[in-house]
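Remarks on the structure that follows.
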Amino acid sequence: SAAASPGPGGLPFDPIAPVDATIDAVVVPNGYRWQPLIRWGDPLFADAPIFDIGAQSAAAQARQFGYNNDYLDILVDPSGLTGVLVANHEYVNPAIMFPPSDDPAELRRRGEIFQAAQGLSVVEVVRDSVGAPWRTVVGGARNRRITVTTPFAVEGPARGSSLLRTAADPGGRVVLGTLGNCAGGTTPWGTILSGEENFNGYFVASASSPERARYGFSESPTSTGWETWDSRFDARAAGSENEPNRFGWIVEIDPQDPTSTPVKHTAMGRFKHEGANVRVDDDGRVVAYMGDDERGDYLYKFVSRFRMDRGVGQAARRNNRRLLTEGDLFVARFSGDSPAAEIDGSGRLPSDGAFDGVGEWIPLTRGRASAVPGMTLDEVLVHTRLAADAVGATKMDRCEDVEPHPTTGRVYIACTNNTQRGTAVPVDEANPRLANRDGHVIELEEEQGAGGRTFRWSILLLCGDPAGAALTYFAGFPADRVSPISCPDNVAFDSEGNLWISTDGAPSTIRRNDGLFKVPLEGAERGRVQQFLSVPRDAEVCGPVIRNAEGMVLVAVQHPGEDGAWDAPTSLFPDYGVPGPGQAPAAPRPSVMQVWRG
Ligand code: FEO
Ligand code: CA
Ligand code: CA
Ligand code: CA
C-alpha cells in the first residue's frame, strides 16, 4: 500500500540565517517547501461559508477554523494516510481583525465571533503518501469546533465545590467553554490535554481578595468586551462571582469522538496552565508535568492514583478517562549546589562548571486530602498558586512547555524569560540571570522514577545571541557555532531523540523573527542549536510537530501581524496578497503550516 512506502526519510538541513524582525516572510531550509494546511476561517463543515471577513458571523466562525492556533498535533490513523488534526485557539487580536468601532451592537456581534474563534478545532486530514503534504477534509466525521460556549464536565475532587458554583450552574459541575488554550500534550491513551492560560484577561473582577489579586484579575475593561453584554464575564455581577474559578484548568478532549464531553481536571490544580505532558511511570501510573507561565510562578507535576490501561478498546478508553481525575499534585523546589556568591546574575558559570543541583517535589495534595496546612482540598485545587506559595516552591522564570523525553524520561523545561528576575525575585542557580531577557532551558532527571519525590537538574541552555551582550550557554557547545535563540516556548522531540524548540518573543529581544530550532542532546553535538525555520513578522511559532522519518515538520503560526492595524497590516501571511475567492486580501491569518522536503 502507499502507507507502507517510505517517505523521503530524515530532516537533513543546513541552519537558516536568522531573519530580521522587520521581514514579513517564511524562511525554510534549502530543499524544503512550505504551505498553509489550514488558516483562520477555513471551513470545517460543508455548511460553513468561505472566509470573508466583511461578512463574518459567529455562526460562520463556529463552523470554521479558529484564530491564533497554538498547540498542534496530528493523530495519524493506522493507514498512515488519514488522521485527525487538533489545534488550540488561544486568543483573538481584535485590533487587526476588524476596523475600530464604538457601536455597542457591532461590538457585541464581534464579541460573539470572538467566542466562536477561540477554543479548539478538530479536523480530519488526508494525504496521498507518507511524507506528502496533508489536506483537510471538510465535513470529516470527526470534525469539531469547541468554543467559549461548549459544555465541559468538571471532574476530580473539586467537582461540585462551593468555589465553582454559579447561578447558571448551582451544582458546580458543568462549565461553558474554555479560555486561553495555550500549549498542550497528546496523552499515551490518545486524548489531547490543553492548558487554560491567561483566563484572567477575559473577566472584569475585583482584585480585593488575595486569591483574585494573585491570579491577576482587575476591573479594567477586557479586550473582547464580553462583560458588556454577558454578565458571566463580570464577576462583580450577582451569580457570576465564581465564574473566574471555572477557568485555569487542564482540559482533556477525545479527538476521535466528536460527541464526547470535554473535561476540566480539578485534580491537576488551577493556575495559568501553559500545558501538560504525560509520561507513564514504570508502575503504570501516569505523571503530568505542568508549568505556570507567569513571572516568578511555579513548576508542577501530577501523579495519578490509577494505572494506565494499555488496551485499545472502549473499556480501556473508559478506564483511562479516570487517570487524571484522582492523584497527587506536587510543586517543585530547586536547590543549587554552588555557593550563592557565585550566582552573580551575569550568567557566568559557577566554579563547578554548571548551573545545577537537586530538587524535590513538595506535595500539595495527598490522596483526597490537602497537604497544605490551613487550606482545604478545594482551596488547594482552586487557589493552587496560594498553596504553592505556602510551601516554599521555587519561583521560576515563566515555565512554558514542560515535556518529558520519550526515551530518556528527562524533562525539558522552557523558561521563556523574566524581566523581573533580580528585582521582584532574587536570582538563584535555577534562574541565574538578572532581568532574564532571553530565557533558558532546564533539563530535569527524576531520581526515583517519574512519580518520585526527588530530582537532579541542570541548565541546558542559556538562550540569547552569543554575539550580543548577554552571556549565553549551550551545554558546552561552542557559542560561535550555534543559531541565536531567544524566548523558548514550546518543546518537542524527534524520533532520533533530538530536542526541538520554538520561540515567542525574539523580535523584541534579539530583533529576529521567531523560529524553530533543533538541539541534539547526546554526543559531540549536544547543545548545538540549529535554526530550521523562521516565521513571518510579529508571529510566534507554536505546537511543533516533528515527523523526521517522513521529512516533515508542522507548526502553528500564531498572531502574524499582531503589531499592525486592520488597515495597515504588518503581515500578509500566509497568502501574501493572492487570496482565494471571497477572501480578504489584506488580513494576516494565523495558520497551521507544513514544511516538507521537496
Ligand atoms: Fe500562551 Fe505561555 O504562552
Ligand atoms: Ca553548580
Ligand atoms: Ca506558549
Ligand atoms: Ca509565550
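Each value in this text was obtained by applying a stated rule to the coordinates, not by laboratory testing. Treat the numbers as computed from the prediction; the structure is a model and nothing was measured. All Cβ positions, even for glycine, are placed from backbone atoms using ideal geometry, and neighbour counts span all protein chains on display.
Extending 7 Å from Cα along the Cβ direction at ALA168 and again at THR419 yields two label points whose distance is 3.5 nm.
At R0 = 51 Å, how high is the FRET efficiency between TYR576 and ALA524 if r is their beta carbon distance? Nearest 0.05 is fine. Walk me through the intermediate numbers first.
Working: r = 40 Å, r/R0 = 0.79.
The pair TYR576/ALA524 has a calculated efficiency of 0.80.
Over all other residues within a Cβ to Cβ distance under 11 Å of GLY139, the charged ones net out to 0, with Lys and Arg as +1 and Asp and Glu as -1.
More than 41 angstrom separation, counting every C-alpha pair in the chain; what % is that? Display every interim value, and only then the final one.
Details: 33172 of 178503 pairs.
For the chain, the fraction of Cα-Cα distances above 41 Å is 19 percent.
One decimal place: the segment ALA153-ALA568 gains 145.2 nm when fully extended, by the rule 0.36 nm per residue minus the C-alpha distance. Charging the Cβ of each Asp and Glu at -1 and of each Lys and Arg at +1, and nothing else, the dipole of the range 501-558 about its Cα centre rounds to 180 debye.
Please identify which residues in the range 375-391 have an amide N closer than 20 Å to a label point set 7 Å out from the Cα of SER206, following the Cα→Cβ vector. Within reach of a label on SER206: 383. Relative contact order of the range 271-343, taken over Cα pairs closer than 8 Å and 6 or more residues apart, is 24 percent.
Would you tally the net charge around GLN64, using a Cβ to Cβ cut-off of less than 13 Å, leaving GLN64 out, and scoring K and R as +1, D and E as -1? Could you put the intermediate results ahead of the total?
Details: positive: ARG39, ARG63, ARG144, ARG145, ARG589; negative: ASP42, ASP47, ASP52.
Neighbourhood net charge equals +2.
For the range 374-428, averaging the sequence separation of C-alpha pairs within contact (under 8 Å, six or more residues apart) and dividing by the residue count gives a relative contact order of 25 percent.
A straight chain from GLU342 to SER129 at 0.36 nm per residue would run longer than the Cα-Cα distance by 71.1 nm. For the chain, the relative contact order comes to 16 percent (Cα pairs under 8 Å, sequence separation of at least 6). Close amide H partners of ASP73, meaning residues 5 or more places away or on another chain with modelled amide H under 5 Å apart, are VAL86. Could you calculate the FRET efficiency of ASP257 with ARG305 from 1/(1 + (r/R0)^6), where r is the beta carbon distance between them and R0 is 25 Å, rounded to 0.05? Computed FRET efficiency for ASP257 and ARG305 comes out at 0.55.
Here the dipole of the range 299-441 is about 860 debye; that uses its Cα centre as origin and unit charges on the Cβ of Lys and Arg (positive) and Asp and Glu (negative). May I ask which residue of GLY275, GLY598, VAL287 lies farthest towards the positive end of the charge dipole of the chain, with charges of +1 (Lys, Arg) and -1 (Asp, Glu) on Cβ and the Cα centre as origin? Going by the Cα projections, it comes out as VAL287. Note on SER495 and ASP20: their simple-model spin labels are 4.1 nm apart, each label 7 Å out from Cα toward Cβ. Scanning residues 5 or more positions from ARG512 or on other chains, those with amide H under 5 Å from its amide H are ALA21, with H placed 1.01 Å from N in the peptide plane.
Cα centroids of the range 491-547 and the range 241-290: 26 Å apart. By the rule of a C-alpha distance below 20 Å, with chain neighbours fewer than 8 residues away ignored, the lysines paired with LYS301 are LYS264, LYS272, LYS395. Using only side-chain charges placed at the Cβ, +1 for Lys and Arg and -1 for Asp and Glu, the dipole size of the chain relative to its Cα centre rounds to 1160 debye. Considering helices alone, the calculated mean residue ellipticity of the chain at 222 nm is -2000 deg cm²/dmol, with DSSP H runs of length four and up weighted by -39500 (n - 2.57) and normalised per residue.
Phi angles across the range 156-164 convert, under the Karplus curve 6.51 cos²θ - 1.76 cosθ + 1.60 with θ = phi - 60°, into 3J(HN,Hα) values of x, x, 8, 4, x, 4, 4, 6, 10 Hz, Gly and Pro given as x. On the beta carbon distance between THR407 and ALA105, with R0 = 60 Å, the FRET formula returns roughly 0.60.
Our estimate of slack between ARG511 and ASP283, defined as 0.36 nm per intervening residue step minus the Cα-Cα distance, is 77.4 nm. From most to least packed by mean Cβ count within 10 Å, the peptides 286-296, 24-34 give 286-296, 24-34. With the simple spin-label model, which puts each label point 7 Å out from Cα in the Cβ direction, the ALA238 to ARG481 separation comes to 7.2 nm.
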